[in-house]
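Notes follow once the structure below has been shown.
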Amino acid sequence: MDNSTPEPMPSLYATTFAPPLLESKNNEVRPTQISTETLTRILIVDDSDIDRDTYIRYLQSDPDYTYEIIEAENLEDGLEMWRSQSPEIVLLDVKLPDGDGLEFLEAFSEGINEQRLPVIVLTGQGDEQTAVRAMKLGAADYLEKRDVSAVSLCISVSQVRDRIAINQQLMRSQQRQQELLQNLQQYTNQLQKREAELERLSERLTLSLKSGEIGCWEWEIVANTIHWDERMHELYAVTESPALDLYNVWANALHPEDRVAAESVLQQAILEEEKYESEFRIVHPDQSIHFIHSYGTVLRDAEGIAQRIIGVNFNVSDRKEVEEQLLQTNEQLIKATRLKDEFLANMSHELRTPLTAVLGMSEILQKEMLGSINERQQKALIAIRKGGRHLLELINDILDLSKISSGKVELDLESVSVQNVCDSSLVYVKQQAFQKRVEVYSNIAPNISNILVDERRLRQILINLLVNAVKFTPKKGKVSLLVSVGCGDTWQGEAIVPKQLKDQDLPMILFQVTDTGIGIASKDLHRLFQPFVQLDSGLNREYEGTGLGLVMVKQIAELHDGQVLVTSEIGQGSTFTVALPYQMSASTTRSPELITPFSLPTAKSKNAIAPLILLVEDNEANVQTFTSYLSAYKYRVVIAKNGEEGVAMAKTHQPDIILMDIQMPVMDGLQATRLIRADSKLAKVPIIALTARAMQGDQELCLEAGANQYLSKPLELEQLVGVIGQFFERL
């Protein structure tokens, strides 16, 4: 490093570093094009000219990115440049002429919630206390100047830049999800509007029946005389006259298509029945058609001979009109429901497809299949997978809510160890709690037997409650998971049993999650279990989430014939209690399931290098992900971009196994599977269906088409290889 005294320079200026200049054919010098996609604006706040020049030289050595450098020598100028120039990343010295650099970090961190600030702290006299303080204030990284090299600085800047890009991508995904939720709400509003229309139509029907459109009649069968009241004449649009033959008036008014049936029912009632009831159409003189419902009682003598019939006629034309409208409305509701299900299926596919590539490629990188990575890169990949899995959980929550609401969820009841399901749920939140320094405590009453529940759904309940508790509990707070069993006034365990449950006097098991968090106002408690509802805009700004978690908790508990109770106090914390029937099982604690290891199969012939897999997939990112992973296991892979190509390539290459995407252009995977199965040479080739739809009934459709196995995206690539290996072991 040159230690000579530098030339005086302004306290603030901007420098842009571009790739080397290129000569044109006319020997004119011109700059190369700078890609805006790789241009990163960096603010360096350091009072040392030498250090700033060193950092600039280091950044200039990065072959992959171009940097626009903004320099400041003190805190005041640095803050001004931050506000006016909006740099993407800041390199910040701790010791500055006009104050502590961490004051700079604290100043512009105000108002930014739960984000890692794009600041890399640099210090020549670093210590652990300074590092801890910097990271608490939200710094993205902390480097000691004596350890800074071109490589380490470029890596640190790259990591921060990548984290910014990931956060932006997640924000776009969340915005897209919000749009999808708004669309779903519009469909829900349409359904509610239809229900309101149905209610109004029902009210019209009630008013029609009460409107007085009822005519009374009497037929003296022996004397063959018929009496109509005034209303009967109005119903049949005839004028009263003693000369009228009322039976013929009635018979002639009958619609030609109804006359035989109507007269037959009347004669049958006279011969055998005590009650008479019939419905038919009549035609008025103006050719208008009206619907009549006729009801009567047959009066007989001691010998059972019919003497007379007393009856009434109702004009039910309005009812018929309403029924027709109801039929049309029901058809529209069925169509709307089908559209909603299709919308959810498409939403699942559109979100799961890119997630498959994100999670799959991050898994490949973590396992170092594409080369070794350092510890910081591992941490970045962990953050990517964590964000992707969180987004997948939100998608699953929406789909699960739809399935439960439409009654399409069936519980997979089995004997479950309470200890195991609680431990696995706690593991899920311990890292989050550790980062917030929130204490996690659990207590399970002794001698609790296995319970008969859907283990995945019970774990879903506990994870939702625990994640909420940790999220809304401040630093150094406490979250507890307490499990108690009992009945009436007799209970085992540390859970506080609500009086309501004691009064029910039924054997129950309680899963109680308590926290020392922000609490919930009593006026808001009734809104907790409404879908897509969060308590207020303040919470929405500070805490992420869709408002579906507690809805899922309540509905899953009710599917188990259980209930959810909540108590809370502002500033003191909340207690959620899930009460389920305590049905003891004779089974012992279930052992955890182990994945059976497998070995790669030997080649089918001497000329075959390795088993051949046909991948039928239209998404390029997924093709790259699956191909990279399968190639690492020495499989040969051929690619087809749609179902039609898949059928042709299956016949040409005769693969050992086929991975079939379902939703594709030209020809979908279901049709392609059927055509492959129709070929006798391919009838026994294993086909694994892969789909991002993951809706109710999709698995059955795939198996009916001829697939041997069904996997929903995103999936663990290790799981996919395991399934492939199991098929090869059977060959």
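The values are calculated or read from the model by the stated rules, or taken from the named source; none is laboratory data. Computed from a predicted structure; not experimentally measured. All Cβ positions, glycine included, derive from the backbone under ideal geometry; neighbour counts span all protein chains shown. We work out accessible area using only protein heavy atoms, side chains counted, and drop any ligands, DNA or RNA first. Shrake-Rupley method; radii C 1.70, N 1.55, O 1.52, S 1.80 Å.
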- Cβ-Cβ below 6 Å, separation at least six or inter-chain, first residue in the stretch 119-140 and more than 13 Å from GLY101 (Cα to Cα), second part of a helix (DSSP H, G or I) and of a type in the set (S, T, N, Q): which pairs? GLY138/SER109
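The rows are residues; the columns are (1) among the hydrophobic types (A, V, I, L, M, F, W, C); (2) modelled with pLDDT of 50 or more.
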{"residue": "PRO8", "(1), (2)": "no, no"}
{"residue": "ALA14", "(1), (2)": "yes, no"}
{"residue": "GLU28", "(1), (2)": "no, no"}
{"residue": "SER35", "(1), (2)": "no, no"}
{"residue": "GLN60", "(1), (2)": "no, yes"}
{"residue": "TYR65", "(1), (2)": "no, yes"}
{"residue": "SER86", "(1), (2)": "no, yes"}
- Could you list, in sequence order, all residues of the stretch 471-487 that are at pLDDT 90 or above and either open to solvent by less than 50 Å² (accessible area, probe 1.4 Å) or part of a helix (DSSP H, G or I) (or both)? THR473, GLY477, VAL479, SER480, LEU481, LEU482, VAL483, SER484, VAL485, GLY486, CYS487
- How many of the residues making up the stretch 674-700 are at pLDDT 85 or above and assigned to a helix (DSSP H, G or I)? 5
- Query: If you go through the stretch 38-82 one residue at a time, how many are surrounded by fewer than 16 Cβ atoms within 10 Å (Cβ to Cβ), closer than 17 Å to ILE164 by Cβ and not charged (D, E, K, R)?
  - Reply: 2
- Near pairs, Cβ below 8 angstrom, 6+ apart or cross-chain, from the stretch 152-180 (closer than 25 Å to ILE120 by Cα and surrounded by 14 or more Cβ atoms within 10 Å (Cβ to Cβ)) to any residue that is at pLDDT 85 or above and aromatic (Phe, Trp, Tyr): LEU153/TYR55; LEU153/TYR58; CYS154/TYR58
- Within the stretch 451-459, identify whether any single residue is among the hydrophobic types (A, V, I, L, M, F, W, C), over 23 Å from LEU559 (Cβ atoms), part of a helix (DSSP H, G or I) and within 30 Å of the chain's Cα centre (by Cα), and answer yes or no. no
- Task: Identify, from the list LYS340, LYS379, LYS403, the residue that is open to solvent by 70 Å² or more (accessible area, probe 1.4 Å), in a helix (DSSP H, G or I) and modelled with pLDDT under 80.
- Result: LYS379
- Message: Given the criteria in contact with a strand residue (DSSP E or B) (Cβ under 8 Å, 6 or more places away or on another chain), of a type in the set (Asp, Glu), at pLDDT below 85 and within 18 Å of VAL316 (Cα to Cα), does GLU213 qualify?
- Response: yes
- How many residues does the stretch 297-324 contain that are open to solvent by less than 50 Å² (accessible area, probe 1.4 Å), polar (S, T, N, Q) and touching a Leu at 6+ places or on another chain (Cβ under 6 Å)? 2
- Query: Across the stretch 406-430, which residue is modelled with the highest pLDDT among those that are outside any loop (DSSP other than H, G, I, E, B), under 18 Å from ASP454 (Cα atoms) and β-branched (Val, Ile, Thr)?
  - Reply: VAL418
- Picking from ILE688, ILE658, the residue that is closer than 18 Å to PHE728 by Cβ and crowded, with 23+ Cβ neighbours inside 10 Å would be ILE658
- Message: Being part of a helix (DSSP H, G or I) and buried (at least 19 other Cβ atoms within 10 Å of the Cβ) is the filter here; which residues of the stretch 708-719 pass it?
- Response: LEU717
- Of all residues in the stretch 619-642 being assigned to a strand (DSSP E or B) and open to solvent by 10 Å² or more (accessible area, probe 1.4 Å), the one that is farthest from ILE662 (Cα to Cα): ARG636
- Note on the structure: Those residues of the stretch 661-673 which are open to solvent by 10 Å² or more (accessible area, probe 1.4 Å), touching a strand residue (DSSP E or B) at 6+ places or on another chain (Cβ under 9 Å) and not in a loop (DSSP other than H, G, I, E, B) amount to LEU670
- Among the residues of the stretch 118-139, which ones are buried (at least 17 other Cβ atoms within 10 Å of the Cβ) and among the charged types (D, E, K, R)? ARG133
- Task: Report the residue count in the stretch 264-318 for those that are of a type in the set (D, E, K, R), farther than 23 Å from THR239 by Cα and assigned to a loop (DSSP other than H, G, I, E, B).
- Result: 5
